[in-house]
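Quick one: this structure, given as C-alpha cells, is what I'll be asking you about.
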Amino acid sequence: MNCQKYPRVLIITLNPLSKTASEKVFASFFEGYPKNSMAQLYFHRAIPSSDVCDNYYRISDEDVVNKLLKRKNNLGGKVYAENTKKE
C-alpha cells in the first residue's frame, strides 16, 4: 500500500483501540489504513488490542500523579498492543 497518499493520523481518546469494546467501532473506520501512518494517544491503563495501529502512547492517572510528585521525569510512555511483540 502506498503510504504517500494517506495523511498521518493521530487518534486521541480516553481508551485504547480495542477488538472488543466500543473502540472497536472507532477502529473499524481505519481498517486498511497504513499502520505506519497512524498513532494513538490515550489516557487509560488498559493495553490496546486492535491491529489497525502499531504506535501507541499512554498517559495514565498514575503517570500524572508520579510526575506531580516528581517520582518520574517522563509523563506516560510507549505501549505495545497485546497482539504485537516489543521491538
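No value in this document is a laboratory result; all are computed from the given coordinates. Computed from a predicted structure; not experimentally measured. Neighbour counts run over all protein chains shown; Cβ positions are idealised from the backbone, glycine included.
Please list 42-49, 57-64, 70-77 highest first by mean number of surrounding beta-carbon atoms within 10 Å per residue.
In descending order of packing, they fall as 42-49, 57-64, 70-77.
Summing Lys, Arg as +1 and Asp, Glu as -1, what charge do residues with Cβ under 12 Å from the Cβ of residue 61 carry, residue 61 excluded?
Values: positive: 45, 58, 67; negative: 62, 63.
With Lys, Arg at +1 and Asp, Glu at -1, the neighbours total +1.
For Kirkwood radius over Cα pairs in Å, which listed value, (i) 15.6; (ii) 13.7; (iii) 14.1, comes from the coordinates shown?
Of the listed options (i) 15.6; (ii) 13.7; (iii) 14.1, (ii) comes from this structure.
Among 29, 55, 16, flag the residue with its Cα farthest along the positive direction of the charge dipole of the chain, charges on Cβ as +1 for Lys/Arg and -1 for Asp/Glu.
Result: 55.
Within the set of other residues whose C-beta is less than 14 Å from the C-beta of residue 9, count the net charge using Lys and Arg as +1 and Asp and Glu as -1.
Neighbourhood net charge equals +1.
For 31, 82, what's the fewest-to-most ordering of other Cβ within 10 Å of each Cβ?
Result, fewest neighbours first: 31, 82.
I would also like to ask the following. Could you run the Karplus curve 6.51 cos²θ - 1.76 cosθ + 1.60 with θ = phi - 60° over region 56-64 and give me ³J(HN,Hα) per residue in whole Hz, x for Gly and Pro?
Here the 3J(HN,Hα) series is 10, 9, 10, 10, 9, 4, 4, 4, 5 Hz.
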